[in-house]
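The values are calculated or read from the model by the stated rules, or taken from the named source; none is laboratory data. None of these values were measured; they are calculated from a predicted model. All Cβ positions, even for glycine, are placed from backbone atoms using ideal geometry, and neighbour counts span all protein chains on display. Heads up: the accessible areas ignore ligands, DNA and RNA and are worked out on the full protein's heavy atoms, side chains in. Shrake-Rupley method; radii C 1.70, N 1.55, O 1.52, S 1.80 Å.
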Amino acid sequence: MTLFGRPKRRALPFSTRKMSKLIAYSFFASLLFILQFSSPALSIRRDVSLQNTYTCRTTVQGRYLIADDMGQVCDALSIDPHTRCCRGKSERFSCNGCNLVSQCCNSYEFCVSCCLNPSRTQKDMAVNVKISKPITAGMYSSIFDFCTGRCRHNSESVVHENAYLSEFHHCFSIPSNSSSGGGSGVQTEVRLAGINVVIGRQGESCDSVCKSSGQSCVPNKFVLLNQCETMHKYLSCKGGCLASVGADQPAEVIDDAPRDLNPGACLYTSQVSVLSCDGSHQHTKRLCPCA
């Protein structure tokens, strides 16, 4: 007992102190063990959480099918809710229901899928195509934008702006006004797929020429016929190929025309705006696009 009546603290036995130290050492050893082996797991979880997940762009207006920007086509129920891509092993760049010569399809989604194939559509050409005709119109920003835009509305697949040429009216070919001179011979033949090129009689308009065969004149195809390379395939052009101005062109001057009209010559115009289906001239035979 002390002077103040408190009991004096007795020293712990040696064995008890040793046991306390062992317990403390064991605690710190266990803590180090946990930290050492848990840190990789924590780092792995952290890395996984920071990974960027690619999100697909898709066509959205389809009633039954959807095409993603990877070139896959699937139904709406097969879209991954996280990536917005088609799930499963869908065929990429499918051209199901497409005419590969005319580059036109009977389905919008398969038109987009077929168009996205790098071997069919060159990106550097697609992004240089204007979205619409006005001078202020911009260019397509990506090949997906080009394919979804071209397949949806294509003036080259309609007649008189209110009827389709055929059920294959979703077309993705590069428009004819995107390259100088109307494009190469191969491109011209592709764009004329489904068009019946007819040589009219003297003084006859293309409206009359096409109507006589139960077809209609397709005015937006004149730009493809209005070039010497194409006219030489259908007309003799014995008097050469000359630039002129007239609504009856492209055409060939008849052989017995007055000398100042260049008999036997093929005529094309640089003023594409004057080309029309109802133009005619008493001394020429027109080259007409009918469908």
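Viscosity 0.890 mPa s, temperature 25 °C: Stokes-Einstein D of segment 183-290 from its Kirkwood Cα radius, in µm² per second?
Working: Rh = 13.5 Å.
Estimated via Stokes-Einstein, D reaches 182 µm²/s.
With a 1.4 Å probe and all protein chains kept in place, how much accessible area does F110 have, in Å² rounded to the nearest 10?
40 Å²
Among 212-225, 230-243, 272-285, how do they line up from the highest to the lowest mean number of other beta-carbon atoms within 10 Å?
On the way: 212-225: 19.1, 230-243: 15.0, 272-285: 17.1.
Highest to lowest by the protection proxy: 212-225, 272-285, 230-243.
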